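No lab work stands behind these numbers, since they all come straight from the coordinates. Quantities reported herein were computed from a predicted structural model and do not represent experimental measurements. Ideal geometry is used to build each Cβ from the backbone, glycine not excepted, and the neighbour counts take in all protein chains shown.
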Amino acid sequence: MRILITGAAGFIGCAAALRLAEQGRAVVCVDNISHCYDVSLKLDRLYRLGLSIKDGVDSLGPERAVVSRNYPDLRFFNTDISDKKSVFNLFERGRFDLAIHFAAKSGAGYSRENADVYISNNIQGFLNIMEAARRYPLKHIVYASSSAVYGRNEQVPFAENQSCGKPLSVYAVSKRTNELTAYAYANIYKIPSTALRIFTVYGPWGRPDMTPFLFAKAILSGEPLTLYNGGAIKRDFTYIDDIVEGVCRVMDRPPVKTEDGVPYALYNIGGSPVLISDFVESLEKSLGKKALIHEDPMPKGEMENVWADCSSLERFIDWRPAINIEEGTARFAKWYKSYYKGNGK
């Protein structure tokens, strides 16, 4: 069975690729290694997969494979999914059975000033994947959606049957568009697809623009750490290993036809609500240093509480988060202190 993973230099994509490679699966990884944040972190993630790109990113083309030195059945291509021709060539050569699609421009903030980037990467790129899957059929495609699709939804926990009609960012629009596109392709072309609405993920090798990184940096550098509403707000913080476990279980369970005859499924994945103040306290203990707290009122439009109802996913694959916040922050803090002393490899 041949598996395609897009966004393999990203946080979740790399972790999923590593898990599958360790299981001895045949994996083809792709990423365009964009400069949206520190490229060296992305290259170090690929190094974990046994991929050493000695000549730099610019030396790689979409047709040149880098073979893992650790996992003989893992290969990497520097491919931009917004390039339809490259995606089709990839699928023609690969003849994949499954696809795990994580390649996307992330984060709501950047999309406010760079909407075109999100349209190109997240919408056109996803369409290219679905078109390729139509020509070269897959048994299943699992793709990353986001909690951002719920927009201005004040009913918590968020459940899959709630309205997603009021997005707050172009990023949210792009993820909801992916869900609707996948449903249409499942309906018309019978491509089995599963959307995972991912809530906040944290852990080693994460994104430096995410809250855990920003908190850790502020604590260790002695800079003020801003907490809204005194930290009395809740967010889902789910450890990376738990997310990957859910992805891998879903991957092997393509959706059966629903009552309307469409092989399509959609699930929340998260379910670990934590007070921000408790997260900071746990991170302080793990880092061995107290934070300098600066309190601000809640910004206008910011949601006080965001977490997932994951009961549907729990019933489907018998999944629930296994790593609590104390263990998760301890693992993250140990990695963070080691990596940013130059020991990332």
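What is the fewest-to-most order of W335, W319 by other Cβ atoms lying within 10 Å of their Cβ?
Numbers: W335 17, W319 21.
Exposure proxy ranking, most exposed first: W335, W319.
What list of ³J(HN,Hα) values in whole Hz, one per residue of the range 330-337 in order, does the Karplus curve 6.51 cos²θ - 1.76 cosθ + 1.60 (θ = phi - 60°) give from phi, with Gly and Pro shown as x?
So the Karplus estimates, Gly and Pro as x, are 5, 5, 5, 4, 4, 5, 4, 5 Hz.
Helix-only mean residue ellipticity at 222 nm, the chain, DSSP H runs n ≥ 4 weighted -39,500 (n - 2.57), per residue, nearest 500. What is it? Please list the in-between numbers first.
Details: 12 runs with 128 residues, N = 345.
-11000 deg cm²/dmol, from helical runs alone.
Normalised by the residues of the range 181-252, what does the relative contact order come to in percent, with Cα pairs under 8 Å and at least six apart?
Values: 34 pairs, mean separation 26.4, N = 72.
Dividing the mean separation by the residue count of the range 181-252 yields 37 percent.
Based solely on C-alpha atoms, express the radius of gyration and the Dmax of the range 219-285 in angstrom.
Computed over the Cα atoms of the range 219-285, radius of gyration and Dmax are 18.3, 57 Å.
Per residue, how big is the convex hull of the range 134-177 when only Cα atoms are used? Give it in Å³. Working shown, then result.
On the way: hull volume 4.3 nm³, N = 44.
Cα-based convex hull of the range 134-177, divided per residue, equals 98 Å³.
Just to check I understand the Karplus step: with θ = phi - 60° and J = 6.51 cos²θ - 1.76 cosθ + 1.60, what whole-Hz values come out for the range 80-92, glycine and proline as x?
Each residue of the range 80-92 in turn: 9, 5, 6, 8, 4, 4, 5, 5, 5, 4, 4, 5, 5 Hz.
I need the Debye-formula profile for the range 36-190: one equal scatterer per C-alpha, no solvent, reported as log10 I(q)/I(0) at q = 0.09 1/Å, two decimals.
-0.35
Summing +1 for each Lys or Arg and -1 for each Asp or Glu, what net charge is found among the other residues whose Cβ lies under 11 Å from the Cβ of D97? Intermediate values should be presented prior to the final figure.
Details: positive: R2, R25, R95, K139; negative: D252.
Around D97, the surrounding residues sum to +3.
So what's the convex hull volume per residue for the Cα atoms of the range 1-107, in Å³? Could you put the intermediate results ahead of the total?
Values: hull volume 9.7 nm³, N = 107.
Hull volume normalised by residue count: 91 Å³.
Which option, (1) 21.7; (2) 22.2; (3) 20.6, is the value of Kirkwood radius over Cα pairs in Å that was calculated from these coordinates?
(3)
Apply the Kirkwood formula to the range 62-154: the hydrodynamic radius equals the inverse of the mean of 1/r over all pairs of different alpha-carbon atoms; give it in Å with one decimal. Working shown, then result.
Working: mean 1/r = 0.0673 Å⁻¹.
Taking the inverse mean of 1/r over all distinct Cα pairs, the range 62-154 comes out at 14.9 Å.
Taking neighbour counts of Cβ atoms within 10 Å as a proxy for exposure, in what order, fewest first, do R176, R95, R331 appear? Write down the numbers at each step before the final one.
Values: R176 21, R95 10, R331 18.
Fewest to most other Cβ atoms nearby, the residues stand as R95, R331, R176.
Counting other Cβ atoms within 10 Å of each Cβ, which trypsin sites (Lys or Arg not before Pro) in the range 22-55 have at most 14 and sit in a DSSP loop?
Working: sites: R25, K42, R45, R48, K54; in loops: R25, K54.
Hits after loop and neighbour filter: K54.
Would you mind ranking V256, V30, V173 by Cβ crowding within 10 Å, fewest neighbours first? Intermediate results must be reported in sequence, preceding the final value.
Working: V256 8, V30 25, V173 20.
Placing the least packed residue first, the sequence is V256, V173, V30.
What's the FRET efficiency of L275 with S338 using the Cβ-Cβ distance as r and R₀ = 35 Å, to the nearest 0.05? Mind dumping the intermediate values first?
Numbers: r = 27 Å, r/R0 = 0.79.
With a Förster radius of 35 Å, E is 0.80.
Return the equivalent ellipsoid semi-axes of the range 194-345 as a descending list in whole Å, where each equals the square root of 5 times an eigenvalue of the C-alpha gyration tensor.
On the way: eigenvalues 205, 72, 27 Å².
Over the Cα atoms of the range 194-345, the ellipsoid semi-axes are 32, 19, 12 Å.
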